[in-house]
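The values are calculated or read from the model by the stated rules, or taken from the named source; none is laboratory data. Only a predicted model underlies this, so the values are computations on that prediction, with no experimental measurement involved. When we count neighbours, we look across all protein chains shown, and the Cβ atoms used for this are built from the backbone with ideal geometry, even at glycine. In case anyone asks, the SASA skips ligands and DNA or RNA and just uses the protein heavy atoms, side chains included. Shrake-Rupley method; radii C 1.70, N 1.55, O 1.52, S 1.80 Å.
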Amino acid sequence: ENWTRERTELVALRASRPQGPAIHIAGNEAPTARVIEAAMCRSTGVRDVEETFDAPTLEASDRHFRRGIGLQEILMTAAMQNGYSGRFMRITDGNLRPILQAAFSSQDLSGIFSNVANKLLLQSFMFTEQVWRRVAKLGTVSDFKKHNRYRLIGDAQFEELSATGHLKHGNLGEDHFENQADTFGKIFGLSRKDIINDDLGALTEVTRRIGRGAGLKLNEVFWTVFLANSAFFT
């Protein structure tokens, strides 16, 4: 190929040198789903993040998303990891559909949104009145048919020990009542305007309202039945 002597010697010299091990610089790797979830939890105000994620995950979250993470960055990161290679790094009306298709082409992003939303839901749910927990017992059912529940009743209150040292026998009986599970819910959504405006707060606000709405509805159903004295305490 008409190489000069000098070029031939240089190429031969480089080829004869031993190859060093591949070097991987920590921090240059793409953020994992767990790292993105931790960043999203911090940006949306989820409590006790340090108890949910381990130290390496939190450190990687700080390294990749030091200033927090926005809704567009979450979607773009997931889309690029799933093969999206568009020219623009900001979501617009023109590229919204392909970015969403790429972002949700794997289960990672759905899992991230679900995990963060569940934490926000529970957090907001627990901010509503919880006194019902002190006067009710939680149970499970397998379907929506009426179910009988049983409980022991009777005279179990302690009495003073008599001078003879004898205690009286208590009387126990059985009572039963019916209950039936039902379903309540509500659906909200993020608009394309929320996504294009990069409004992560819209997702946070909607999720918190759903959690609060669940708590308020539970209280309404429970106390309506409980305070109907003539029907409930028969």
Among all helices in the chain defined by DSSP H, which have a length of 30 Å or more along the axis from Cα atoms plus a Kyte-Doolittle mean of at least -1.0? 200-226
Run through every distinct alpha carbon pair of the chain and return the Kirkwood hydrodynamic radius in angstroms, one decimal place. 24.0
If you put +1 on each Lys and Arg Cβ and -1 on each Asp and Glu Cβ, how big is the dipole of the chain around its Cα centre, in Debye rounded to 20? 640
Students often check this: by mean Cβ neighbours within 10 Å, which of 191-198, 130-137, 96-103 ranks highest, and how do the rest follow? 96-103, 191-198, 130-137
Using the basic label-point model (7 angstrom from Cα toward the beta carbon), what is the Val206 to Arg90 distance in nanometres? 2.3
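Return one whole number: the accessible area per residue of the chain in Å², for a 1.4 Å probe. Kindly include the intermediate steps, with their values, before the conclusion.
Numbers: 17720 Å² over 234 residues.
For the chain, the per-residue accessible area is 76 Å².
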Hits among aspartates and glutamates - C-alpha to C-alpha of Lys193 under 19 Å, sequence gap 8 or more where chains match: Glu73, Asp93, Glu205
Carbon plus sulfur fraction of accessible area for the chain, probe 1.4 Å, in percent: 54
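May I ask you to order 106-114, 181-189, 204-212 by the average number of other C-beta atoms within 10 Å around their residues, highest value first?
Values: 106-114: 15.7, 181-189: 8.2, 204-212: 18.0.
In decreasing order of mean packing, 106-114, 181-189, 204-212 become 204-212, 106-114, 181-189.
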